[in-house]
Amino acid sequence: MKYPERKTLTEEQMNILLDSITDVDILSKRDKALLELMYGTGLRISELAKLNITDIDLAAGKIFVSEGKGKKDRLVPLGKRATKTLKFYVKYTRGHFLKEANDKQALFLSLKGNRLKAHNFDHILKKRLKQSKLSGQDISPHAL
């Protein structure tokens, strides 16, 4: 049985996607950090959704993933670009989402203060692909 070929973004396309997020609003800043983290670490969306602020060590450039695939814990290194973007998000942007936060430990929050769920990550990716003019791509969060 042949499986359909998975679509992925090239490095150039990923740069186009990330560089297209130029707005200065808090959602754009959050989305850029989220997409940069997805791409830079290869984390699954379920792992991203479970991340807490205490799981990241920006000084060491690492993220602790609790009970990832196979229910295993692991440390994931952050690249320079992901670290820089995440530092900015944590320092300057995340606080805006905490005002209404129901889950103050969650790394990524909605405007209503709820922890982002896996389906939110897919929606954000689709929205940002469309904005970047890469919307013809059939890309899922797992492809990043």
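The values are calculated or read from the model by the stated rules, or taken from the named source; none is laboratory data. The structure displayed is predicted, hence computed values, not measured ones. Glycine gets a Cβ as well: all are built from the backbone with ideal geometry, and neighbour counts include every protein chain shown. Accessible surface areas use protein heavy atoms only, side chains included; no ligands, DNA or RNA. Shrake-Rupley method; radii C 1.70, N 1.55, O 1.52, S 1.80 Å.
Let me spell it out: the conditions are (1) in contact (Cβ under 8 Å) with a residue 60 or more places away in the chain; (2) within 21 Å of Met14 (Cα to Cα), and Leu43 meets all of them except one. Which number is the exception?
Result: Leu43 passes all but (1).
Can you pull out the residues in the stretch 24-40 that are farther than 14 Å from Leu116 by Cβ, touching a residue at least 40 places away in the same chain (Cβ under 8 Å) and open to solvent by less than 30 Å² (accessible area, probe 1.4 Å)?
Once the filter is applied, which keeps residues that are farther than 14 Å from Leu116 by Cβ, touching a residue at least 40 places away in the same chain (Cβ under 8 Å) and open to solvent by less than 30 Å² (accessible area, probe 1.4 Å), the stretch 24-40 yields only Glu36.
Go through (1) within 20 Å of Leu129 (Cβ to Cβ); (2) over 9 Å from the mean Cα position of the chain (by Cα); (3) surrounded by 21 or more Cβ atoms within 10 Å (Cβ to Cβ) one by one and return the number of the condition Glu47 breaks.
(1)
Quick one: how many residues across the stretch 95-110 are over 18 Å from Ile45 (Cβ atoms) and either within 13 Å of the chain's Cα centre (by Cα) or open to solvent by 100 Å² or more (accessible area, probe 1.4 Å) (or both)?
4
Would you mention how many residues in the stretch 61-94 are loosely packed, with under 13 Cβ neighbours inside 10 Å and either of a type outside the set (D, E, K, R) or more than 24 Å from Asp25 (Cβ to Cβ) (or both)?
The number of residues fulfilling the criteria is 10.
List pairs: first residue in the stretch 86-103 and farther than 18 Å from Lys62 by Cβ and among the hydroxyl-bearing types (Ser, Thr, Tyr), second residue in a helix (DSSP H, G or I) and open to solvent by 50 Å² or more (accessible area, probe 1.4 Å) anywhere in the structure, Cβ distance under 6 angstrom, at least six positions apart or on different chains.
Thr93/Lys29
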